[in-house]
């Protein structure tokens, strides 16, 4: 790499599932891409000193701190990577932006529209001084998803008619699975809706280039009381004795939607789809073709081209591993597939590329607010007998 | 077969797509199953004499008539098989039942709840004299669907949490596809909702044993004006000059649902899912397992059993071609798959078996009314901004 | 149908698995295709009078006889359909041809090259008097297979490099499965090789248009002694007490091959592939594309077109159910799949079409002899430590 | 990690495709596994100084050298990782072992049986002083492959009857693809046989626990002359002008095999399977079940269990991403799949685990010699008209 490249010293808040995934990506990104900026894994931050110290060593960070307020004011940190539960996103991200640090914030952007609006305001203000912000909707960076967007953007699907999106998991099917933070409204904001529904909302708006304009929603909590947790790792966890507590979030969220290009959609986010482990499924049907995707086979995209001769039409399983597929220049020969962690490697590539060249990375906080507005509309619709609920454009909000 | 078996002389009304499929099934059913009644392809009925005469010869019916009113009073006919568009179902079926003929009526039962209620009343009255009636939801007779029901009924899925149903076709994606009767409300009652949505409503209620209790619906007509048709065959058709007419039915119908066992569901019926030809897709997730089905691979059922050791769990692709699978005793060695037409062969097997033994076949007209009530609720919800709309139990209606 | 059409009165020998499949096809073929000849199910023939009488009634034949020699001389029979085990093919077919009857003979044509040569000689002699003969390699009539051939013939695959063929079944994995006639050399000629290997030899020569010129073979009998059988139906059977007998055929036959267009191939036929029920699998790789097929999903063809843009290449799952796909004009709307039995319906369509127009149907007995020569070479190679064994062209044989 | 852990300083020879993959794995392995030894990326070695210097920076090695002879005698290097073409494996590995360095050598172990024997001798001698050696058959470390072995080893498949293995690629289908080193016998030893055939030989012997005892082989070079190369990266390359040279290796190698537990097998390695990018396919059929694997979906294993009730049997698609699946403790929540590079991460985990605890890692050089003996037999059989060729046990060789 060039000696002229900028070094960006990263301070990451959080060291659990997302912290581990981001660390692997920070460690890898500049090894495989030539970029105008080089990340340095400077400081990791967490509240429990012994755990964060251990994480620093294991994940390869140069230093650690237990105080995120100290972190964001350090002179030797340029970027704050927010990997905490949603309840602290707004406070940390806003403070970091005000301290002049570029911010990469995990999704969902916030636990409420109000918080998200405040974050957008802070991001816009910071932007004036060249401070960048981005929300980490990593599934946009799946090569097959990026290819889906390219196909739709270039008109290969014609007029988009249908969106069919589901994010299916099953890790809390067992009623004895404990009450981890993701099942508590005060920490997580919502349940399946914000944790995984947010992804398919962003992903479908991203690939279609259309905005969801209204929804009819329904949410359900199948298991209303769960044992209190003891330990957790990744999405796994174990219970601690017989004490229980109330589940305060949705186990599943379903909604119908209309998009501003005339398409209609069904959306479903659930953690009760037994046997579906991480099935992020999106199908888009247009007047000239269709695409279909399932993250459990993340290196594949199904593409139907209705313009080829009728007897040869069918869904083509594109193995998205060619060097001229999106993000693939970095990787292995065709057919040597890549894994989940590189959605983050690609996200950081785009982040470093933008920050290094002085551009605004996407998805912006405004994009993320748009997702938040949809989630908010789904929640309100569900509370009002599924009544149709409009979703305002975030840009108009911002302009107002 | 025994000489003691009863002969049932069939009069079929209609000779288009359904008429051809039913003819193939009537011709086959007694060749492959031992049954207490034997069907005789006696009379076929249609309005156009030259066409119905040609159909009689080609499809193998002994006689034909152009008058269904004459047909239902003939002494040499025991069963009336109604294969006409929905607008004539009620009139023909009720008259036939009153004339003491057993009735097999294609789905949807009727074009409105009112008609369906009248048909149920006639069926109940006729039942007292041993006259049988049945509605032809043939997808119940896919062996994989019947196996799905067995698995759920026997508790292998535990508590059912999710239903995910879609019936996807693409035969009218082209805006130049003509305005066939299936696109006219006065003939067809509704569009995708009644034609194909009816199937997934019935199918999911059948396999789960649960009733849909409320819905939030949305319908859309993407192409609002189409050329007038000249000729049609199966679902194919050609246009006739430049005259056009308005499409008066839905191109797509989507709805969310709750079922009376606590499950929630997403439903979608569309003729605009480019590349999906006859994708009747149903997935059911329960606390102990899941099943998934796609009619385009009708000989396969995916079954996930969450009670086997964790490292061996996965969706099992059951090839539903073993001789002890439902309906398979009649067919070929394992792996020698069967086709669409045998959903009708199986339907007739069950019909002949019931009529031959003096029992009531299912689905009954009451079952079909239940489907009609759901469709009606979807339509009303869609007209009222997707407001939640309750669905009453048909049995209560009937009793009242 | 036209009143001018020719009636062909069929006499079928055999009433087991193949007899039932052929009956279903004879009953159906003229109902769905317009053809220059019309089949009449005249006489069925079998040695056991009570069984053949029962079969005649159940399968719908007008008369029966227990003597095939009587059958072939009847004036009221025009076509002899030979559905017996291989040991009687030569005798029946030759006699029938000499009696001036058209012959459709099940595969493999014979139990030895010598018999097959004699049958070819008889067919050539009969042909001079307008008597037609055909061997029933029904898998050629799978629409997806016919499409495969079209694609290769029209150059879409470029130069064919690889053939990868396997016919996998598992119905005799259990060592207690009885010693049915298919496991006895004197009845069946060979085991997996002739029963199912014959199909993939014919199928690959058919779709590639190339002839196998040499082989290196290996055969194996895993279970050498089995209980004697009592009853059998389809491929299922039950054992009768504790008496056993020796298995005198191969359980599996594997071979490498070279084809006369420069391709190389692997072939495998086995009845010990646990879990594979009727997996007739063929993949062909050419310089410009590939095709892949598995009979367990007989309505699908995978097609890879290496001439489309690189980022969009992939295997396209063609659902071979469009009305302009081979044989599909007769059937249902797209996506409404067909089953195994219609490979026979299509076979009879081609047979009736050829005989009705005075043409020679294919595959001819010469084509079938070519398959026999390959099987013979495999057997001899296997006996000689897999030494390379040339396969002569049958046409040269015939000419000589 | 413990302060007691041993540091192993690695010197890697080669910096192309394998060098990049190994670097990513060395960088990752201790971040995700707790191991008794910790790798340090000390020195990278390559002949071209500017290229190796650039590789050192990009891939993250502390130092570089252009002389492997210097490398293997450095005091600050403990492990030599041989990632060069096969023609230098023997010389480097033997010298390194003699210099007391642990050796990890890429596959195939050598370009001839003679070289492999010499390497085995050196490995056995070095072993006496606690110096370890291992051959890098990374596909053993695919979690689904390791699970396949566990299932077979624990008897879930019963008696193994069939092995069906193919390694299919298509990167040299274009006759204009240049004459890279992998197409030159003096560099690569052989073509598809050694490069990819070696993998399926090792993999099938590994999962079945059976040794190949004899083969009948066939090789083919479809394109005999190619343009000379200019640049290469991964498996991609570009040509340089119009000069051409002869292809001196096989484009495809096919063979039949017998294994010492009674199984028979078909094997195929080719770079001409258009559309197949890295399809390492293995299916094993046993008397009680089957397994099937395709590397293009490396996170999945198909498992058929013939001992469950017949109506529920089928191939189960196990998503091998559970934390108690082999190697998976390190990775992400279920359904968040991993990629190709982690076959190397897992390989290094096993290597570091063995060296750190003073044990011999596997596959040993003896295991790799066994693979070499099979390849040699295939080559000799192919040269002798596919005559059956026995394969001796490497252990006997070693003992002798």
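The values are calculated or read from the model by the stated rules, or taken from the named source; none is laboratory data. As the structure is a computational prediction, the values presented were derived from the model and not from experiment. Cβ atoms come from the backbone with ideal geometry, glycine included; neighbour counts cover every protein chain shown.
Laid out as a table, the results:
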{"quantity": "Filter pass, residue B:47 being more than 26 Å from residue B:342 (Cα to Cα), outside the structural domain of residue B:357 (by TED's automatic domain parsing) and touching a residue at least 40 places away in the same chain (Cβ under 8 Å)", "calculated": "no"}
{"quantity": "Close pairs (6 angstrom Cβ cut-off, 6 or more residues apart or separate chains): within 7 Å of chain A (Cβ to nearest Cβ) and under 16 Å from residue B:203 (Cα atoms) in segment B:287-307, part of a strand (DSSP E or B) and at pLDDT 95 or above anywhere", "calculated": "B:290/B:304"}
{"quantity": "Any chance residue C:336 is away from chain B (no Cβ under 11 Å) and modelled with pLDDT of 95 or more", "calculated": "no"}
{"quantity": "Some residue of segment C:35-42 being under 14 Å from residue C:83 (Cβ atoms), modelled with pLDDT of 95 or more, surrounded by fewer than 23 Cβ atoms within 10 Å (Cβ to Cβ) and in contact with a strand residue (DSSP E or B) (Cβ under 9 Å, 6 or more places away or on another chain)", "calculated": "yes"}
{"quantity": "Condition check for residue C:328: within 14 Å of chain B (Cβ to nearest Cβ), touching a strand residue (DSSP E or B) at 6+ places or on another chain (Cβ under 7 Å) and either surrounded by 22 or more Cβ atoms within 10 Å (Cβ to Cβ) or touching a residue at least 24 places away in the same chain (Cβ under 8 Å) (or both)", "calculated": "no"}
{"quantity": "Hits in segment C:272-286 (condition: over 20 Å from the mean Cα position of the chain (by Cα) and at the interface with chain B (Cβ under 10 Å from one of its Cβ atoms))", "calculated": "C:275"}
{"quantity": "Hey, residue B:237 in contact with a strand residue (DSSP E or B) (Cβ under 9 Å, 6 or more places away or on another chain), modelled with pLDDT under 95 and either more than 14 Å from chain C (Cβ to nearest Cβ) or over 19 Å from residue A:173 (Cβ atoms) (or both) or not", "calculated": "yes"}
{"quantity": "Elements of type strands (runs of 3 or more DSSP E) contained in segment D:1-114, each with 2 or more residues being within 14 Å of another protein chain (Cβ to nearest Cβ) and over 16 Å from residue D:138 (Cβ atoms)", "calculated": "D:37-45"}
{"quantity": "Test for residue B:119: is it in the same structural domain as residue B:201 (by TED's automatic domain parsing) and over 20 Å from residue B:42 (Cα atoms)", "calculated": "no"}
{"quantity": "Residue check, residue B:131 more than 12 Å from residue B:207 (Cα to Cα), surrounded by fewer than 24 Cβ atoms within 10 Å (Cβ to Cβ), at pLDDT 95 or above and within 14 Å of chain A (Cβ to nearest Cβ)", "calculated": "no"}
{"quantity": "Test: residue in segment D:358-374 that is surrounded by fewer than 22 Cβ atoms within 10 Å (Cβ to Cβ) and more than 30 Å from residue D:215 (Cβ to Cβ)", "calculated": "yes"}
{"quantity": "Qualifying residue in segment A:172-188 (condition: in contact with a strand residue (DSSP E or B) (Cβ under 7 Å, 6 or more places away or on another chain), part of a helix (DSSP H, G or I), outside the structural domain of residue A:103 (by TED's automatic domain parsing) and in contact (Cβ under 8 Å) with a residue 60 or more places away in the chain)", "calculated": "yes"}
{"quantity": "The lone exception for residue B:228 - which of (1) part of a strand (DSSP E or B); (2) within 14 Å of another protein chain (Cβ to nearest Cβ) it fails", "calculated": "(2)"}
{"quantity": "Selection from segment A:189-225 of residues that are more than 28 Å from residue B:157 (Cβ to Cβ) and assigned to a loop (DSSP other than H, G, I, E, B)", "calculated": "A:189, A:209, A:210, A:211"}
{"quantity": "Residue check for residue B:157: part of a helix (DSSP H, G or I) and either more than 30 Å from residue B:186 (Cα to Cα) or assigned by TED's automatic domain parsing to the domain that holds residue B:348 (or both)", "calculated": "no"}
{"quantity": "Residues of segment C:123-136 that turn out to be touching a residue at least 60 places away in the same chain (Cβ under 8 Å) and part of a helix (DSSP H, G or I), as a count", "calculated": "3"}
{"quantity": "Of residues in segment B:308-320 being part of a loop (DSSP other than H, G, I, E, B) and without any contact (Cβ under 8 Å) to a residue 40 or more places away in the chain, the one surrounded by the fewest Cβ atoms within 10 Å (Cβ to Cβ)", "calculated": "B:309"}
{"quantity": "Selection count where residues are at negative phi and not in a strand (DSSP E or B), scope segment C:251-285", "calculated": "11"}
